[in-house]
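In what follows, a single structure is set out as structure tokens and then discussed.
Computed from the coordinates by the stated procedures, all read-outs in this text should not be read as laboratory data. If you're wondering where the values come from, they're calculated on a predicted model, not measured in any experiment. All Cβ positions, even for glycine, are placed from backbone atoms using ideal geometry, and neighbour counts span all protein chains on display.
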Amino acid sequence: MAKYLIVGNWKMNPSSKKEAVKLFESVKKGIRAVKNAEVVVCPPFVYLTLFKGLTLGAQNVFYKDEGAFTGEISPQQLSDLDVEYVILGHSEVRRELNETDEVINRKIKECLLAKLKLILCVGEASEENENGKKAQVLEKQVRGALEKVPSKEMKNITIAYEPIWAIGTGKNCSVDETMTSALLIRKIIARLYNMGLARNLRILYGGSVNSSNSAQYLESGGVNGLLVGGSSLDAGEFVKIVKSAG
Ligand code: PGA
């Protein structure tokens, strides 16, 4: 069986280099013996060069490979630092930086050229969920992000289902709803590409994951791993989540 993918998204934390190194080293030590999970740590850009020994991911990127783009970081620069993954389309970036599906699509294409793997985040807001708009929102986000992305590249793309109402709220999505949402995403991929690709697509769940609920998603949520925010900042908690993968 394929390994579960457990991704720690540190967001804009911690606030010092010292704490970042301590967190990274504790995670590295804690998961040394783990066999059933592929673990990716996504720290803020500024800490990426400090870490060795675990797979690294970035939390965002720009859609050009170099040039006059003040404040931005290119896929090529990340790749050169041995970063393997990039999280794209996170709801916080969509909300705070007005990132659109079109921009996400450009970023995905540039990342693929730089041989980076993507974790594309999609998910509905709470009103959309209540108004029965989930399927529509997921369809728009997935189609928009993957416009003209060739099927041969899809092995480099993982989709994270992150309902906005579950992020950082403690109101995690039920296992049943996670399963239905993962199925909706597979159906969209089957329509855009084909069934085989949809079946093999890696889907993660993210939103208030902790060590008490992680195992249930992996066992019965129809997903291939987890995208962990808040709980990835506590090494003990994150290690327990990784260990819940088996
Ligand atoms: P959370 O965040 O685990 O703190 O809810 C998940 C995410 O935003 O990736």
Report summary line: By the C-alpha gyration tensor axes a ≥ b ≥ c (rounded if a/c is under 1.5, else prolate when a/b exceeds b/c, else oblate), the shape of segment 65-133 is prolate
**Report entry** Compactness of segment 112-246 as Cα Rg over 2.2 N^0.38 Å, two decimals
**Finding:** 1.04
Report task. Quickly work out the residue 22-to-residue 130 label distance, labels modelled 7 Å from Cα along the C-beta direction, and quote it in nm with one decimal. Result -> 4.1
Query raised in the report: Straight-line reach from residue 17: which lysines have Cα under 27 Å away, leaving out those fewer than 8 places along the same chain?
Result: 28, 29, 52, 117, 240, 243
**Report entry** Computed [θ] at 222 nm, helices only, for the chain once each DSSP H run of length n ≥ 4 contributes -39500 (n - 2.57)
**Finding:** -11500 deg cm²/dmol
Report task. May I ask you to list the GluC sites (Glu not before Pro) in segment 124-232 that are in a DSSP loop and have at most 15 other Cβ atoms within 10 Å of their Cβ? Result -> 147
**Report entry** Pairwise FRET efficiency - residue 36 versus residue 190, Cβ, R0 = 30 Å, nearest 0.05
**Finding:** 0.65
Report task. Any chance you could list P(r) for the chain, counting all Cα-Cα pairs in 10 angstrom bins from zero, rounded to whole %? Result -> 7, 34, 39, 18, 2
Report summary line: Per its Cα gyration tensor (rounded if a/c is under 1.5, else prolate when a/b beats b/c, else oblate), segment 129-199 is best filed as prolate
**Report entry** GNM result for the chain, Cα springs below 10 Å: residue of 63, 193, 205 fluctuating most strongly
**Finding:** 193
Query raised in the report: Given the C-alpha centroids of segment 167-184 and segment 109-128, what is the distance between them in whole angstrom?
Result: 18
Report task. May I ask you to list the trypsin sites (Lys or Arg not before Pro) in segment 139-180 that are in a DSSP loop and have at most 15 other Cβ atoms within 10 Å of their Cβ? Result -> 148, 171
Report summary line: Gyration tensor on Cα atoms of segment 173-246, a ≥ b ≥ c root eigenvalues, a/c under 1.5 rounded, else prolate if a/b beats b/c, else oblate, says prolate
Query raised in the report: Comparing 204, 23, 97, which has the greatest mean-square fluctuation in the GNM of the chain with Cα pairs linked when under 10 Å apart?
Result: 97
